[in-house]
1. Does any residue in the stretch 127-151 that is more than 29 Å from D366 (Cα to Cα) come within less than 8 Å, Cβ to Cβ, of a residue that is assigned to a loop (DSSP other than H, G, I, E, B) and charged (D, E, K, R) six or more places away or on a different chain, and which pairs are these?
2. Please go through the stretch 155-197 and pick out each residue that is charged (D, E, K, R), open to solvent by 40 Å² or more (accessible area, probe 1.4 Å) and either touching a residue at least 40 places away in the same chain (Cβ under 8 Å) or assigned to a loop (DSSP other than H, G, I, E, B) (or both).
3. Got a sec? Which of D264, D268, D274 is modelled with pLDDT of 95 or more, under 21 Å from A387 (Cα atoms) and over 24 Å from the mean Cα position of the chain (by Cα)?
4. Regarding the stretch 315-337, can at least one residue be identified that is more than 18 Å from F271 (Cβ to Cβ), touching a Leu at 6+ places or on another chain (Cβ under 9 Å), not charged (D, E, K, R) and not in a helix (DSSP H, G or I)?
5. Can you tell me which residues in the stretch 253-276 are of a type in the set (G, A, S), open to solvent by less than 10 Å² (accessible area, probe 1.4 Å) and not in a strand (DSSP E or B)?
6. Hey, can you tell me all the residues within the stretch 106-120 that are of a type in the set (G, A, S), open to solvent by less than 60 Å² (accessible area, probe 1.4 Å) and either at pLDDT 95 or above or out of contact with any Cys (no Cβ under 9 Å at 6 or more places or on another chain) (or both)?
7. Does the stretch 123-137 contain at least one residue that is in contact with a Ser or Thr (Cβ under 6 Å, 6 or more places away or on another chain), in a loop (DSSP other than H, G, I, E, B) and among the polar types (S, T, N, Q)?
8. Working only within the stretch 22-60, note down all residues that are out of contact with any helix residue (DSSP H, G or I) (no Cβ under 7 Å at 6 or more places or on another chain) and aliphatic (A, V, I, L, M).
Amino acid sequence: MSMIEAEINGIPVSVPAGTTILNAAKEVGVEIPKLCYHSDLDAWAACGICVVKIEGSPKMLRACATAIAPGMKVITHDPEVVEVRRTVLELILSTHPNDCLQCSRSGNCELQTLSADFGIREIPFEERIEKIEPDTSTTSIVLNPEKCVKCGRCVLVCQDMQGVHALEFIGRGDGTRLAPAADVTLEESPCIKCGQCSAHCPVGAIYEKDETKEVWNEIKKNEKHCVVQVAPAVRVAIGEAFDMEPGELATGQLYTALRRLGFDAVFDTNFTADLTILEEGTEFVKRVTEGGELPQLTSCCPAWTDYMEKYATDFIPNFSSAKSPQQMLGAMAKSYYAEKAEIDPKDMFVVSIMPCTAKKFEVGRDDNMNSTGFQDVDVALTTRELARMIKQAGIDFKSLPDEEAD
């Protein structure tokens, strides 16, 4: 592998050929500010905040999309560069609502963080905010184009990574706006509710539909037996909301927190993940020995099944007929568990904590999700929603003792 020798702010750097200035700078401890760039995606150079100067060149280049060259002398920070970046931020803010306190990303917004870093207190440009109503047509995701900074991350992840093509930019110049393809609602688009757009959005333009109030109301009314299930990924992700190390396991603390929130029974979706293996394995053996469509495809992920139903209908017979682990636990809770606990299923409220926004869509996608005569899972919350509930309840998550699931 050929190496490139260059300088960044006078510091020698040696990186593989093809390395961008942005990543080369990281090698020598220099952080170049950015907004549109995401490490998962190809650089699109949309925002212009990462501009740098090259010695001997009259132009400023965008560090995220420019490969460092042999002998290049890069200046990442000086008064002129900082002023250009500040102006770019001020222009973005002049077209962005300032209702941060009501925003889903408040306190975790990349634009908010950049504005604080640059000490921006007022905007010297005329405010030009186009009033666009949020798209609340799906049960999973809310699209609020008014807050869009046109970074393009959601479009790139939807089109290039997921292959769904549900989102695009419509119009030109000042009239450019984010919208579902063909300018329809998100529900009418090919959207599979996977939530990758939300996960990659740097601001509050796309976020999961919050259903925590409904859960709080059921717990508060105390009229139903409230059951909660937790997906395996949540026990790893939840800690990040409480300043724990990314990837740190918090299984026991999570069970404790759920009981303190007021849930009557705490189940782990690991159990029905095992049931899924048994069900899909049994079905596979039957297809091999008695005949059936092969290969057999798992039906565990609602976004995956939705994608196949929209883009590869000829593979629908290959799907396993088994429910997902989430739906299996809902069915088990309102049948087997209800019988064992001598509780009428109509008096049971089942909540699932899942890492995926598509699970919100799955709970009511069709009549198969009502196998007990009632909706098997009543509400699906994301990890972020659960974290907010724990904080609202005043629970010091990091100091909680470990408990076991029911």
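1. Final answer for the pair search is E146/E130; E146/K131.
2. Within the stretch 155-197, D160, R172, D174, R177, E187, E188 meet the criteria.
3. D264
4. Yes, the stretch 315-337 has at least one match.
5. The one that is of a type in the set (G, A, S), open to solvent by less than 10 Å² (accessible area, probe 1.4 Å) and not in a strand (DSSP E or B): A257.
6. Hits for the stretch 106-120 are S115, G119.
7. yes
8. Result: L22, A24, A25, V28, V30, A43, A45, A46, I54.
The values are calculated or read from the model by the stated rules, or taken from the named source; none is laboratory data. Since the structure is predicted, the reported quantities are computational estimates derived from the model, not experimental observations. Positions of Cβ are backbone-derived with ideal geometry, glycine not excepted, and every protein chain shown enters the neighbour counts. Ligands, DNA and RNA are stripped out before the accessible areas are found, and what is left, the full protein with its side chains, is counted by its heavy atoms. Shrake-Rupley method; radii C 1.70, N 1.55, O 1.52, S 1.80 Å.
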